[in-house]
Amino acid sequence: RVLDRLSDSPALILSELCEPLAANAMAVALFGDVLGRTGWARSDIYRWFTEPASRDIYPRDDHDRQGRALVASLRVAYGRSGASSRAGALVAALSLESSEFVDLWAEHEVARRFADHKTLLHPEVGPIELDCQALFTEDQTQSLLVLTAAPEDTEARARLDLLRVVGVQAFDA
């Protein structure tokens, strides 16, 4: 119900493996067809380390921080579920496909991000500075991620408003 009420900010529900389970129209306008992917390609973590184009939404100087955060989040899921879980299968798949992932996994960072500030790059709207809040289910296996412009950031708010229009036009086309 919370997701359904958020119409002016991108919001999506993610699994603990960063797989989009639901998304509002603003999230689709910002991130693209997040629900149409299948297999491991549904996981933002998997795509980060196997599909270089998935990083285009972040400025280059933020790639290291984002990669570390994704691996640290996967460590939380792996620690909760173990090697024989889907988290373990994702670790195994990424270990075969990405030396960058292997190096980060070996650092043993474990963290869950509840709040973050980031710049996202949209091809039509340009860079948008957003605050991210993650609200977790009681068992912490799913989260509602909401991206908002800071109240005093009128440029980011204007870009989100433009994204809403661009997104609607893309859906109508």
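The values are calculated or read from the model by the stated rules, or taken from the named source; none is laboratory data. The structure presented is a predicted model; accordingly, all values stated were derived computationally and were not measured. All Cβ positions, glycine included, derive from the backbone under ideal geometry; neighbour counts span all protein chains shown. To get the accessible areas, we keep the full protein, side chains included, count just its heavy atoms, and leave off ligands, DNA and RNA. Shrake-Rupley method; radii C 1.70, N 1.55, O 1.52, S 1.80 Å.
Points to keep in mind about this one:
- Selection count, the range 7-25, where residues are more than 14 Å from residue 37 (Cβ to Cβ) and of a type in the set (Asp, Glu): 2
- Some residue of the range 26-41 being open to solvent by 50 Å² or more (accessible area, probe 1.4 Å), assigned to a helix (DSSP H, G or I) and in contact with a Phe, Trp or Tyr (Cβ under 8 Å, 6 or more places away or on another chain): yes
- Looking across 14, 30, one residue alone is closer than 15 Å to residue 147 by Cα and touching an Asp or Glu at 6+ places or on another chain (Cβ under 9 Å). It is 14.
- Residues in the range 106-143 that are open to solvent by 20 Å² or more (accessible area, probe 1.4 Å), in contact with a helix residue (DSSP H, G or I) (Cβ under 6 Å, 6 or more places away or on another chain) and of a type outside the set (Lys, Arg): 109, 110, 111, 121, 124, 129.
- Filter pass, residue 82 being of a type in the set (Gly, Ala, Ser) and either touching a Phe, Trp or Tyr at 6+ places or on another chain (Cβ under 8 Å) or open to solvent by less than 20 Å² (accessible area, probe 1.4 Å) (or both): no
- The set of residues in the range 1-25 that are of a type in the set (Asp, Glu) and surrounded by fewer than 16 Cβ atoms within 10 Å (Cβ to Cβ) comprises 4, 8.
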